[in-house]
Amino acid sequence: MSALLDIPLTVVRPAVAVALLGTGVVGGAFLDRWSRLSGLGLLGELRLVHVANSRHEVGHAAGLDPGGVRDELPAGRAPMLGEVGVGLPEGSVVVDATASDDVARWHPLWLEAGLRVVTANKAGVGGDLARYRAIDAHRAHYGDSATVGAGLPLLRSLRSLRAGGDRVHAIAGVLSGSLAWLLDAYDGSTPFSELVRQARRRGLTEPDPRQDLSGADVLRKLLILARAAGRDITTADVVVTPLAPAALATAPLAGLDAALSALDEPLRRALAAAAADGRRLRFVARLDADGGARVGLEALAPDDPLAGGGGCDNRVSVWSDRYADSPLVIQGPGAGAEVTAAALIDDILRVGGG
Ligand SMILES: NC(=O)c1ccc[n+]([C@@H]2O[C@H](COP(=O)([O-])OP(=O)(O)OC[C@H]3O[C@@H](n4cnc5c(N)ncnc54)[C@H](OP(=O)(O)O)[C@@H]3O)[C@@H](O)[C@H]2O)c1
């Protein structure tokens with residue numbers, strides 16, 4: 001009780017408004033998880049007020065039903081990306097569950113306007129350096145743990161090492177869940193192209209698997225990790241050796257299935273050479289101590305930390321002043337809609353304070 005006013009003192013916390021962009025695989029899992037957690041009373045003062053995909057948007061200041069909003073969307077307005085932040089009170093959270101560069105372009109503008117941004121979209125901090133720096137100026141209000149390792153404690157570990165005065169010397173990682181699955185499953189008994197078809201059917205690759213096989217996704221993730229480690233590198237600083245040969249990279253989408261067999265002979269030869277030395281094939285991203293950076297197929301010794309694990313696991317080794325001889329190793333499921341959605345909600349709770 002307040003001695004002065006003689007009335008109960010209650011802390012009234014305003015609701016934190018949340019806008020979701022993207023209702024695909026990750027956005028859908030996000031809505032399912034939001035429903036579940038809010039039913040358990042775990043989302044505090046968070047309120048979902050706006051949901052959009054590339055075709056429609058719906059909004060309601062009093063809150064939307066996360067379970068039913070996907071049914072409401074087709075009757076919604078055409079989306080106005082530039083309007084998303086308008087009307088959202090300062091401190092509201094915009095969640096980017098798209099892969100859109102147009103959406104990522106808004107991240108620094110929303111932050112500048114006093115909003116928080118939480119993202120699975122790598123085109124923000126993995127985009128050009130000017131965009132990254134504009135975002136990084138608002139680091140405390142930006143949640144990007146879903147961009148690399150689907151919420152594994154990678155970025156936060158690198159940042160806390162640096163905050164504690166450590167200097168990161170080098171990073172090596174298996175950063176693509178789909179390539180990890182493919183290379184873990186490949187023992188030569190089934191052609192590599194057939195494994196790619198299986199992975200595609202199971203939703204483990206992008207709809208066009210060349211986005212995985214080109215190394216472009218891993219390149220973006222390496223940029224994000226390197227920048228979190230204090231090295232502001234760009235795509236021009238990274239040597240990328242794609243898994244897909246040129247004949248596959250240039251094949252029209254309609255003929256993609258047949259063109260996948262261009263992978264078989266190079267992968268068969270790489271596997272035979274690796275097996276002759278008792279090594280394992282992995283698609284690895286490296287930031288070297290001398291400043292070099294590269295992405296490509298490697299044959300690793302079986303006791304290399306990056307050679308272990310299984311399935312879609314991501315694995316990252318970090319060498320620093322503190323971990324100079326033996327690296328810090330972080331490993332776990334680094335792909336999948338559920339873990340990614342969980343990472344987004346964890347980040348909202350951190351930056352939105354819900
Ligand atoms: N899938 C995973 O396991 C995973 C894991 C980690 C990170 N990620 C990242 O998460 C993001 C989403 O992946 P996803 O698998 O969910 O992709 P997806 O299924 O293709 O969904 C993308 C969503 O973004 C929407 N969208 C595109 N442009 C938009 C715009 N301008 N405004 C509003 N919405 C827009 C699309 O709208 P329409 O429905 O109208 O097409 C769609 O709903 C990507 O950046 C991906 O790299 C995915």
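Provide the gained length on full extension for the span ASP325 to ASP303, in nm with one decimal, where the gain is 0.36 nm per separating residue minus the Cα-Cα distance.
This chain segment gains 6.4 nm when fully extended.
Suppose we keep just the DSSP beta bridges with both residues in the chain; what percent of those would be antiparallel, to 5?
60
Using only helices, what value at 222 nm comes out for the chain when you add -39,500 (n - 2.57) per DSSP H run of length 4 or more and divide by the total residues, to the nearest 500 deg cm²/dmol?
-10000 deg cm²/dmol
Taking amide H positions as placed in the peptide plane 1.01 Å from N, state which residues far from GLY332 in sequence (5 or more) or on other chains have amide H under 5 Å from it.
ASN314
Taking the chain as a Gaussian network, Cα atoms linked when under 10 Å apart, which of ALA199, ALA150, ALA236 shows the biggest mean-square fluctuation?
Of ALA199, ALA150, ALA236, the most mobile in the Gaussian network model is ALA236.
Taking R0 as 30 Å, what FRET efficiency do you get between ALA78 and ARG202 from their Cβ-Cβ distance, rounded to the nearest 0.05?
0.35
Each residue of the range 86-102 in order: what ³J(HN,Hα) in whole Hz does its phi give by Karplus 6.51 cos²θ - 1.76 cosθ + 1.60, θ = phi - 60°, with x for Gly and Pro?
Calculated HN-Hα couplings, in order: 6, x, 7, x, 3, x, 5, 10, 9, 9, 9, 10, 10, 10, 8, 5, 4 Hz.
Quick one: among PRO191, PRO108, PRO242, which has the greatest mean-square fluctuation in a GNM of the chain with alpha-carbon springs under 10 angstrom?
So, out of PRO191, PRO108, PRO242, the one fluctuating most is PRO191.
How large is ³J(HN,Hα), in whole Hz, for each residue of the range 247-254 in order, when computed from phi with the Karplus curve 6.51 cos²θ - 1.76 cosθ + 1.60 and θ = phi - 60°, using x for Gly and Pro?
Values per residue, Gly and Pro as x: 4, 7, 4, 9, 5, x, 4, 4 Hz.
For PRO302, what is the net charge nearby, where nearby means another residue's Cβ is under 15 Å from its Cβ and Lys, Arg count +1, Asp, Glu -1?
Result for the local shell: -2.
Which value in nm describes the separation of the simple spin-label points at ALA163 and LEU40, placed 7 Å from the Cα toward the beta carbon?
Placing both labels 7 Å along Cα→Cβ, they lie 2.5 nm apart.
Pulled fully out, how much extra length does the chain show between ARG350 and THR190, if you take 0.36 nm times their separation in residues and subtract their Cα-Cα distance?
That works out to 53.1 nm of additional length.
What accessible area per residue comes out for the chain, rounded to a whole number of Å², with a 1.4 Å probe?
About 45 Å² of surface per residue is accessible.
Take ARG231 and ARG139, extend 7 Å from each Cα along the Cα→Cβ direction, and tell me the distance between the two endpoints in nm.
1.8
For TRP110, what is the net charge nearby, where nearby means another residue's Cβ is under 12 Å from its Cβ and Lys, Arg count +1, Asp, Glu -1?
Computed value for this residue: -2.
Which whole-number percentage describes the relative contact order of the range 158-333, with Cα contacts under 8 Å and a sequence gap of 6 or more?
Worked out over the range 158-333, it gives 33 percent.
For a quick check, take a GNM of the chain with Cα springs below 10 Å and name the residue from GLY114, GLY215, GLY124 with the largest mean-square fluctuation.
Residue with maximal mean-square fluctuation among GLY114, GLY215, GLY124: GLY114.
What is the sum of charges, Lys and Arg at +1 and Asp and Glu at -1, for the other residues whose Cβ falls under 14 Å from the Cβ of ARG210?
-3
Of all accessible surface on the chain at a 1.4 Å probe, what whole percent is carbon and sulfur?
Solvent-exposed carbon and sulfur of the chain make up 54 percent of the total.
Before anything else, pin down the relative contact order of the chain: Cα pairs under 8 Å, at least 6 apart, normalised by residue count, whole percent.
Value for the chain: 20 percent.
The values are calculated or read from the model by the stated rules, or taken from the named source; none is laboratory data. Values in this document were obtained by computation on a predicted structure and should not be read as measured data. All Cβ positions, glycine included, derive from the backbone under ideal geometry; neighbour counts span all protein chains shown. For accessibility, only protein heavy atoms count, side chains too; no ligands or nucleic acids. Shrake-Rupley method; radii C 1.70, N 1.55, O 1.52, S 1.80 Å.
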